[in-house]
Structures are given as C-alpha cells and as structure tokens.
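Remarks on the structure that follows.
The values are calculated or read from the model by the stated rules, or taken from the named source; none is laboratory data. Everything quoted here is computed from the prediction, not taken from an experiment. Cβ atoms come from the backbone with ideal geometry, glycine included; neighbour counts cover every protein chain shown.
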Amino acid sequence: MKYIVTGAAGFIGSHIAQALKLNGQDVCAVDSFNDYYAPSLKHQRVEALLSPLGITLIQGDLADSQFTRDLISKERPDTVIHLAAQAGVRISLRDSHKYVSNNLVAFSNILTSVVENEVPNFLYASSSSVYGNSSTSPYSENEKNLHPISFYGATKLANELMTPTIINSSKTKARGLRFFTVYGPWGRPDMAYFRLLSHALVNSTFELFGSGNSIRDFTYIDDVVAMTIGLESELQAHQVGHSDVVNIGGGHPVSINQLITEISRQTDFEFHFKNSKRDINDVDLTCADPTYLQSLIHRKPEIEIAQGLSKVLDWAKLKTVSKNLSSWVNSVQ
C-alpha cells in the first residue's frame, strides 16, 4: 500500500513513517520543518529514522492549497496519515495565526484534497486537549461536554467537527486519533519529561509551571505507533463515508510531581526548581478511557512510565543527542 505521512519529521510522524516502511509499505513523507522548536532536531530524526530506510521526504507547507492538491493527486495514496500541525498549547496570542494556518487552513486543504482524489483512508491527529477541564474522567469518545481551554485544543475539536461533514458523502473513510501526552526517544523539547531529562543531565535548574499536581496520561511512542497502525488497518474494513474518533491512551495517568520523582530516581539527580505561574492553557487532568480502542483492535497502550522513561534516558545519553538537549529545549518558541 501507498502511504502519505505528514509531519513526518515530527516526533510521532517520524516513528510511524519508519514503522510503516519496516512493514514493507510504500511511504511518502512530508514536512514543513517549521521553527516552533529547532529544525535541527527534526533533521536528526530524519537522519536517524527515515533516511536509513530510503524514505524520501518532501518539504512543503500544507497551508499552500496548490502544493497540497498537487501532492495528493501525484502520489495517489491508499492512506493519508495527517500528523502535521502547530503543536503545543502555550503559543502567545500574537502568534495564534500559526494555529489557524497549520491546524485549520492546512487541515482543510488536505481533507478536501483527500476527498477530491477519492483516497480510501484518512487518519488525522487530534488531541486529549479537546476534553478541556469540563469532561468526566476517564475521558470517553462519547463525551458531549467538550470545552477546550486552549486555542490549540479548539482547533483540534474543529478538525473533528469538520471531518464528517465532508467525509459522509465521499468515497473516503476517516478516523481522528486523540493522542494523550505522547513521550519517548526523539520527542518534543517543549514537553515536561524532555525538559526534566535535559536539566537532570546538564545539572541545571528546572522551571516548574504551577504546583506539579497536574495529571497526565503519558503514552509511550511504541504503543502509539502500534495503536495507529492497528487502527488504520481496522478502518479499511469500514464502509465509505465512515468517520469516528479514538482515544490513544492507556488510562494510567501520573502527576508531574510523580514524573519528577521517577526521573530523579533514574538519573540520581536532585532537582532544583524555579517556580512559575501555571499557564492558563494547561488542563488539570488527562485520562483516557481505552474501551473503544480495545473494542476495535483488542489492545491498548501498556508500557508503564518507569519503563518508558528508562528507554528515553538511554536515548538522551547518546553523545549525538546529549550535546544538543539544552539547545533544543531553549529553542522552543
């Protein structure tokens, strides 16, 4: 089968593109290499995960409608896995146009191009951020009381609302993937676990936003890759016009303070903190109900936080990585 993976130089995208290629699939990788964090990290992901497998990466901006139309019509994929987006919830108001361009305009461009070209399968990244603070834990896809508290979360909910309106009368099947705090090697430097490991390894002070009592359903990248590929395979069996959303999380959340304790244990480092006010865009809790996920593919994420962090630490200690950790963290816009 032929796959297009967008955001393929990103954290989740690079791992999924790699896994598909290792499974013998034909993969077309796409990324814009934007500067939300250091493009050098994205290039290193490509060199480490994609280039050794001969995956060709096309650089382009999906907010450019002509580029997107040409991409889909030329490549003629069986499946598009759309992971490109403006990530993070803390971008300032003056830069909110990046959410609009990357999460709304680009999404609309690729969704319409997929439908126009009758691509059979379309999977796209949504987020646990759609649940906001009003939903009942554990968060279920059946939840109707969705009130995102961040602009980022609102754009992801908009994607979910937009998709079925176009898909239901098309020859395409669609599935939104509500990712819950994905972590692992080659991760994003704006995330707490990445920043904590970086500060532990270079012996520096860590800026803690809030009290550390926020709770997150951390989901290891290998589980995310397996769930995504399984859900893509399952989607193929549905009738055209099908559209749904699925939680990608195991339902085993831990607090940021617990995360700090575990990283401190594994690195034998005693953290020193600079306390800052909690960001208003940060939710109190994320916790996935994996019932629907399990009903579809008969499995859910299982890698526990201690095991996953151990794998990330091994990666972070590599010479080619450790020397760049601080600069990657400091590059976040």
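Okay, residues lined up against (1) without any contact (Cβ under 8 Å) to a residue 40 or more places away in the chain; (2) closer than 25 Å to Lys277 by Cα; (3) touching a Gly at 6+ places or on another chain (Cβ under 9 Å):
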{"position": "Pro77", "(1), (2), (3)": "no, no, no"}
{"position": "Val80", "(1), (2), (3)": "no, no, no"}
{"position": "Ala85", "(1), (2), (3)": "no, no, yes"}
{"position": "Ile91", "(1), (2), (3)": "no, yes, no"}
{"position": "Asn103", "(1), (2), (3)": "no, no, no"}
{"position": "Ser108", "(1), (2), (3)": "no, no, no"}
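Against the definition (in a loop (DSSP other than H, G, I, E, B), touching a strand residue (DSSP E or B) at 6+ places or on another chain (Cβ under 6 Å) and either among the acidic types (Asp, Glu) or closer than 21 Å to Val225 by Cα (or both)), how does Ala84 come out, yes or no? Criteria met by Ala84. When Val240 is tested against (1) buried (at least 18 other Cβ atoms within 10 Å of the Cβ); (2) modelled with pLDDT of 95 or more; (3) of a type outside the set (Asp, Glu); (4) over 16 Å from the mean Cα position of the chain (by Cα), exactly one condition is not met: (1).
Across the stretch 229-276, the number of residues qualifying as among the polar types (S, T, N, Q) and touching a strand residue (DSSP E or B) at 6+ places or on another chain (Cβ under 7 Å) comes to 6. One residue alone among His199, His252 is over 30 Å from Asn117 (Cβ atoms) and not in a loop (DSSP other than H, G, I, E, B), and that residue is His199.
Let's see how each residue does on (1) outside any loop (DSSP other than H, G, I, E, B); (2) of a type outside the set (A, V, I, L, M, F, W, C); (3) modelled with pLDDT of 95 or more:
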residue: Glu270; (1), (2), (3): no, yes, no
residue: Asp282; (1), (2), (3): no, yes, no
residue: Gln294; (1), (2), (3): yes, yes, yes
residue: Ile303; (1), (2), (3): no, no, yes
residue: Leu309; (1), (2), (3): yes, no, yes
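Restricting attention to the stretch 45-61, which residues are more than 16 Å from Ile12 (Cβ to Cβ) and of a type outside the set (Ser, Thr, Tyr)? The answer is Glu47, Pro52, Leu53, Gly54, Ile58, Gln59, Gly60, Asp61. Within the stretch 307-328, residues that are at negative phi reach partners that are acidic (Asp, Glu) and at pLDDT 95 or above with beta carbons closer than 8 Å, at six or more positions or on different chains, in the pairs Leu309/Glu262. Put simply, of Ser92, Ser65 the only residue that is small (Gly, Ala, Ser) and exposed (fewer than 14 other Cβ atoms within 10 Å of the Cβ) is Ser92. Taken over the stretch 6-32, residues that are under 15 Å from the mean Cα position of the chain (by Cα) and assigned to a loop (DSSP other than H, G, I, E, B) amount to 4. Taking the numbered list (1) surrounded by 20 or more Cβ atoms within 10 Å (Cβ to Cβ); (2) within 21 Å of Asp223 (Cβ to Cβ); (3) in contact with a strand residue (DSSP E or B) (Cβ under 7 Å, 6 or more places away or on another chain); (4) not small (Gly, Ala, Ser) in turn, Gln18 passes all entries but (3). Scanning the stretch 164-172 finds no residues that are among the basic types (Lys, Arg) and assigned to a helix (DSSP H, G or I). The selection criterion, being under 23 Å from Pro164 (Cβ atoms) and either under 21 Å from the mean Cα position of the chain (by Cα) or at pLDDT 95 or above (or both), does not hold for Ser255. Being touching a residue at least 24 places away in the same chain (Cβ under 8 Å) and either among the charged types (D, E, K, R) or touching a Lys or Arg at 6+ places or on another chain (Cβ under 9 Å) (or both) is the filter here, so list the residues in the stretch 65-75 that pass it. Scanning the stretch 65-75 gives Arg69, Glu75. When the stretch 146-174 is limited to residues that are among the β-branched types (Val, Ile, Thr) and under 19 Å from Asp95 (Cα atoms), the one that is surrounded by the fewest Cβ atoms within 10 Å (Cβ to Cβ) turns out to be Ile149.
Contact map, the stretch 16-30: first residue at negative phi, second residue in a helix (DSSP H, G or I) and among the acidic types (Asp, Glu), Cβ cut-off under 8 Å, separation 6 or more or different chains; pairs are Cys28/Glu75.
Residue-by-condition table, conditions (1) under 27 Å from Ala125 (Cβ atoms); (2) surrounded by 21 or more Cβ atoms within 10 Å (Cβ to Cβ); (3) of a type in the set (D, E, K, R):
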position	(1), (2), (3)
Ser198	yes, yes, no
Leu208	no, no, no
Arg216	yes, yes, yes
Tyr220	yes, yes, no
Ile229	yes, no, no
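Whether a residue is surrounded by fewer than 17 Cβ atoms within 10 Å (Cβ to Cβ), β-branched (Val, Ile, Thr) and more than 30 Å from Leu146 (Cβ to Cβ) was assessed, and Thr291 does not pass this test.
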